[in-house]
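To keep things clear, I will list the structure first and then write my remarks on it.
The values are calculated or read from the model by the stated rules, or taken from the named source; none is laboratory data. Everything numeric here is computed off the predicted structure, so don't read it as measured data. Reconstructed Cβ throughout: ideal geometry from the backbone, glycine too, with neighbour counts over all protein chains shown.
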Amino acid sequence: MNIDHVAVLREARRVNDPDILNALYVACSNGADQITIHLREDRRHIQDIDVKNIMMHSTLPVNLECSINKDILNIVANTAPHRATLVPEKREEVTTEGGLDVFGSEDEVRYAIELLHDSIIPVSLFVDPSIEAMDKSRELGAEMVELHTGTFANLFAMLHSSLPHSNHSVKEFELPRYELSDRLEASLEAIKISAKHADSIGLEVAAGHGLNFHNVHEMMKIKEIVELNIGQSIIARSVFSGLADAVKEMKRLTTR
């Protein structure tokens, strides 16, 4: 479970409410298997002290997402989470959009992996689903890949929800339903093929971004995917059902 969005609510008023440690305890007590947090360069939600406190108090493994910025990498190396996931970052984005460019940033990614490995930290790369990205991730020395499911999630929402009629409609996917359906099928197929190939070359496979209570069943059909990182949709559901029940329901949906 990614608990970043609890910190988003806290930072909106810059008070310690909601307390992210309370979210940690609820997640740990109600079925989460791992805690994921993202220490962004601009510190828009998770702060350095949050990382320290979560590492100290979590009874579950902690997956720390970070960019390939050297200052951030040094913090992660000194923190020694159970795993680090390297992700792209842009200051102007609302949330992480797209996978890490393992080709255009090959030298920087390789340096990041080697630095983290020196601190005995396993590394996952957050990448777009493609055979080429799986091969490059293996070549660079990662132990795991997290397949970026954002395109799949956007297509699913544009086809199966009221998103097209809202202010947040995805402009590039304002298409006829038959075309959306075809693109959704192609996106899902790319995830399946990438997961199978990654598994075949010795990479563990995770998936995340935009996964929610309505679309996660598609990921559960892909046996090579062993981990799902889900956050915003659980926090959004918790506004109405409470966090404990939201975590339990997602756990039910993601248990094979």
Residues located in segment 121-135, provided they are under 14 Å from residue 204 (Cα atoms) and surrounded by fewer than 18 Cβ atoms within 10 Å (Cβ to Cβ): 122, 135
Residue satisfying condition, being surrounded by 15 or more Cβ atoms within 10 Å (Cβ to Cβ) and among the polar types (S, T, N, Q), within set 194, 181, 162: 194
Residues of segment 172-207 satisfying the condition of being part of a helix (DSSP H, G or I), over 20 Å from residue 223 (Cβ atoms) and either of a type outside the set (S, T, N, Q) or modelled with pLDDT under 95 (or both): 172, 173, 177, 178, 179, 180, 182, 183, 184, 186
Positions within segment 100-109 being buried (at least 16 other Cβ atoms within 10 Å of the Cβ) and touching a Leu at 6+ places or on another chain (Cβ under 8 Å), in sequence order: 100, 102, 109
Subset of segment 1-14 (residues that are farther than 26 Å from residue 216 by Cα, in a loop (DSSP other than H, G, I, E, B) and in contact (Cβ under 8 Å) with a residue 12 or more places away in the chain): none
Filtered residue count, segment 208-236, keeping only those that are assigned to a helix (DSSP H, G or I) and touching a Gly at 6+ places or on another chain (Cβ under 7 Å): 0
Residue 104, sole failed condition from (1) under 17 Å from the mean Cα position of the chain (by Cα); (2) not in a strand (DSSP E or B): (1)
Scope segment 15-68; condition part of a loop (DSSP other than H, G, I, E, B) and under 14 Å from residue 85 (Cα atoms); matching residues: 34, 39, 40, 61, 67, 68
Residues of segment 139-164 that turn out to be part of a helix (DSSP H, G or I) and under 16 Å from residue 85 (Cβ atoms), as a count: 2
Index of the failed condition, residue 73 passing every other in (1) assigned to a loop (DSSP other than H, G, I, E, B); (2) among the aliphatic types (A, V, I, L, M); (3) surrounded by 15 or more Cβ atoms within 10 Å (Cβ to Cβ): (1)
Criterion: surrounded by 15 or more Cβ atoms within 10 Å (Cβ to Cβ), over 24 Å from residue 131 (Cα atoms) and touching a residue at least 12 places away in the same chain (Cβ under 8 Å) - qualifying residue of 118, 42, 50: 50
